[in-house]
Amino acid sequence: MDEGRTKPADSRSVALIALRKDGHLSLVDIPGFVIDLKHHALEAGFHTHEEHHYLNITTGRQWWEFQMHPDYDCEGPLELHVVIDLDKRMQFAFEDAVETLPEDADLPMDGFDLQLAFNWRLPPLPNCPNLLQLATEISPIGGATLPLHVWALDTIATVTDKAARTVNVEASVGVPLALAHDDHDSIDETFRRVKDVTLYLYDRAPAWLGEASSEQ
């Protein structure tokens with residue numbers, strides 16, 4: 001990421017990036033896809049917060065970020081960060097490929113993806129779970145639809161302090177631009193898995209935080 005050339009996208013930038021290099025409107029309405037994605041999140045039992053849209057003015061790459069929380073506890077300890085990442089060159093290549101197809105041909109499904117990433121994060125855990133056990137238990141919840149990666153970060157404020165460990169669970173899935181174009185219902189299964197992973201972590205967070213007993 002070229003941070004020096006990245007800035008939040010204003011309305012003028014969004015309008016410009018919606019145009020192809022040849023002056024035609026883009027085939028895929030990515031902002032519309034992002035809006036629909038948040039509707040799917042709402043239907044899956046989440047609230048969305050802190051929405052941001054960024055544009056790299058050098059490469060044209062743009063991405064959207066927002067936070068999700070389960071609707072039963074928006075103030076809870078579990079954070080879920082969502083990123084929709086689009087390489088503009090990938091979108092141009094997809095649209096060029098579509099232009100060469102016969103009118104009745106299916107849109108190309110392979111090789112033209114935007115990335116949809118989820119990151120669950122818990123605060124420092126006094127009773128941190130065994131990471132191998134956590135990964136073993138949580139992986140079947142995501143399944144092949146939502147491959148999960150578990151990792152932890154230890155932070156030491158001063159040399160005399162104990163390490164404070166935060167636990168993260170990550171997932172990244174490719175969404176074919178053909179589906180982003182007109183078949184948003186295909187992500188329902190992904191959000192069902194996201195909901196199940198969230199519930200698993202939420203139910204165990206009190207015990208890990210030392211607040212209450214919980215299923216291990």
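The values are calculated or read from the model by the stated rules, or taken from the named source; none is laboratory data. Being a predicted model, the structure only gives us computed values, none of them experimental. Virtual Cβ from ideal backbone geometry, glycine too; neighbours counted across all protein chains shown.
Filter segment 138-172 down to residues that are out of contact with any strand residue (DSSP E or B) (no Cβ under 7 Å at 6 or more places or on another chain) and surrounded by 11 or more Cβ atoms within 10 Å (Cβ to Cβ) and give me whichever is nearest to Ala117 (Cα to Cα).
Thr145
Exactly one of (1) of a type in the set (Val, Ile, Thr); (2) under 20 Å from Glu189 (Cα atoms); (3) touching a Leu at 6+ places or on another chain (Cβ under 9 Å) is unmet by Thr145. Its number?
Result: Thr145 fails condition (3) only.
Write out, first by first residue and then by second, each pair whose Cβ atoms fall under 7 Å of each other, whose residues are 6+ apart or on separate chains, and whose first residue, in segment 198-215, is on the phi < 0 side of the Ramachandran plot while the second is modelled with pLDDT of 95 or more and part of a helix (DSSP H, G or I).
As it stands, the answer is Tyr200/Ile138; Tyr200/Ile141, since those pairs meet every condition given.
Can you pull out the residues in segment 121-136 that are surrounded by 11 or more Cβ atoms within 10 Å (Cβ to Cβ) and free of Cβ contacts under 8 Å to residues at least 40 places away in the same chain?
Across segment 121-136, the qualifying residues are Leu131, Gln133, Leu134, Ala135, Thr136.
Looking only at residues that are among the hydroxyl-bearing types (Ser, Thr, Tyr) and outside any loop (DSSP other than H, G, I, E, B) in segment 44-71, which one is nearest to Ala205 (Cα to Cα)?
Thr48
Here's a check for you: in segment 83-113, which residue that is within 30 Å of Pro70 (Cβ to Cβ) and touching a Phe, Trp or Tyr at 6+ places or on another chain (Cβ under 8 Å) is surrounded by the most Cβ atoms within 10 Å (Cβ to Cβ)? Full working, then the answer.
Pass one, segment 83-113, residues within 30 Å of Pro70 (Cβ to Cβ): 83-86, 113.
Narrowing the set further to residues that are touching a Phe, Trp or Tyr at 6+ places or on another chain (Cβ under 8 Å) leaves 83-86.
Details: Val83: 16, Ile84: 21, Asp85: 17, Leu86: 23.
Top of the filtered list is Leu86.
Residue check: is Met90 assigned to a loop (DSSP other than H, G, I, E, B) and touching a residue at least 60 places away in the same chain (Cβ under 8 Å)?
On the way: assigned to a loop (DSSP other than H, G, I, E, B): no; touching a residue at least 60 places away in the same chain (Cβ under 8 Å): yes.
When the stated conditions are applied, Met90 does not pass them.
Kindly establish whether Arg61 is of a type in the set (Lys, Arg) and surrounded by 14 or more Cβ atoms within 10 Å (Cβ to Cβ). Show your work before the answer.
On the way: of a type in the set (Lys, Arg): yes; surrounded by 14 or more Cβ atoms within 10 Å (Cβ to Cβ): yes.
The answer is yes for Arg61.
Since Phe191 meets every condition but one in (1) part of a strand (DSSP E or B); (2) surrounded by 18 or more Cβ atoms within 10 Å (Cβ to Cβ), which condition does it not meet?
Checking Phe191 against (1) part of a strand (DSSP E or B); (2) surrounded by 18 or more Cβ atoms within 10 Å (Cβ to Cβ), the one that fails is (1).
Results for (1) in a helix (DSSP H, G or I); (2) at pLDDT 85 or above; (3) over 18 Å from Val28 (Cα atoms), shown as yes or no for each residue.
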site	(1), (2), (3)
Asp73	no, no, yes
Leu80	no, yes, yes
Glu103	no, no, no
Gly111	no, no, no
Phe118	no, yes, yes
Leu125	no, yes, yes
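Going through Ala152, Ala135, Ala157, Ala144 one at a time, which residue ends up being in a strand (DSSP E or B) and of a type outside the set (Lys, Arg)?
Ala152
Tell me yes or no: at least one residue of segment 120-139 is over 21 Å from Asp85 (Cβ atoms) and β-branched (Val, Ile, Thr).
Checked against the condition, which is being over 21 Å from Asp85 (Cβ atoms) and β-branched (Val, Ile, Thr), segment 120-139 yields at least one hit.
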